[in-house]
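Some notes on the structure that comes next.
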Amino acid sequence: MRLTDRQREMLAALAAGDKVRVLFVCLGNICRSPAAEGVLSELVREAGTAGRWVIDSAGTGRWHIGQLPDKRMRVHARRRGIELTHHCRQVSVSDFDDFDLIVPMDSQNESDLRQLAPSPEAEARIVPMAAFVDKAMRYDYIPDPYYEGAEGFELVLDLLDSGCRCLREAAGG
Ligand code: 4NP
């Protein structure tokens, strides 16, 4: 993990509390962030801790509002036993009240969220997904698979599996 000291403190506080509310954010909310929502939901279900978690996703863009995730993402996730049923929505300023952790997939999503954050305290809830991913995977962002082939979708799911396992542990399981 590549967390700052402040981020470690925030996660330790979440681990000590009884609820963890996480919002994953990407550009379209049809590939990476709904996949992250599905991967973490499955991991906490397996751990028997789903009741502690509120997990959602949203996009900075508005092109796909109301749609299910991209068919290719759904197919690749289903092969891993994960059903993606989220309906696309756009991130809004009220999400900073409704979630403890806001997790962008890449640096553009991160800077868009920093612009939207209503206060420094709200901005401190933004922690990039790649900060949770095993350093050995050598990615400092989750690459957009939209214009890629099957390997792009598999790479996203591998990175999200690594990151969501670390996130789950860091926030208390
Ligand atoms: P996502 O991928 O941000 O991982 O959901 C994308 C999906 C759609 C578009 C861009 C990225 N788009 O431009 O429509």
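Residue-level analysis places VAL127 outside the set of residues that are of a type in the set (A, V, I, L, M), within 16 Å of the ligand (Cβ to nearest atom) and under 15 Å from the mean Cα position of the chain (by Cα). Which members of segment 16-36 meet the condition of being within 16 Å of the chain's Cα centre (by Cα), within 16 Å of GLU169 (Cα to Cα) and either open to solvent by 10 Å² or more (accessible area, probe 1.4 Å) or without any contact (Cβ under 8 Å) to a residue 40 or more places away in the chain (or both)? The one that is within 16 Å of the chain's Cα centre (by Cα), within 16 Å of GLU169 (Cα to Cα) and either open to solvent by 10 Å² or more (accessible area, probe 1.4 Å) or without any contact (Cβ under 8 Å) to a residue 40 or more places away in the chain (or both): ARG21. Of the residues making up segment 37-64, just one is over 18 Å from VAL103 (Cβ atoms), within 15 Å of the ligand (Cβ to nearest atom) and open to solvent by less than 80 Å² (accessible area, probe 1.4 Å), namely HIS64. Looking across ARG79, ARG89, ARG74, ARG125, one residue alone is free of Cβ contacts under 8 Å to residues at least 60 places away in the same chain, basic (Lys, Arg) and either loosely packed, with under 12 Cβ neighbours inside 10 Å or in contact with a strand residue (DSSP E or B) (Cβ under 8 Å, 6 or more places away or on another chain) (or both). It is ARG79. Of the residues making up segment 134-173, those that are among the aliphatic types (A, V, I, L, M), over 21 Å from ASP70 (Cβ atoms) and either touching a strand residue (DSSP E or B) at 6+ places or on another chain (Cβ under 6 Å) or surrounded by 17 or more Cβ atoms within 10 Å (Cβ to Cβ) (or both) are LEU167, ALA170, ALA171.
A count restricted to segment 104-122 and to residues that are open to solvent by 80 Å² or more (accessible area, probe 1.4 Å) and within 14 Å of the ligand (Cβ to nearest atom) stands at 2.
The set of residues in segment 92-103 being assigned to a loop (DSSP other than H, G, I, E, B) and open to solvent by 20 Å² or more (accessible area, probe 1.4 Å) consists of SER92, VAL93, SER94, ASP100.
The values are calculated or read from the model by the stated rules, or taken from the named source; none is laboratory data. For clarity, every value in this text was computed on a predicted model and none was experimentally measured. Cβ atoms come from the backbone with ideal geometry, glycine included; neighbour counts cover every protein chain shown. Note: areas computed on protein heavy atoms with side chains; ligands, DNA, RNA excluded. Shrake-Rupley method; radii C 1.70, N 1.55, O 1.52, S 1.80 Å.
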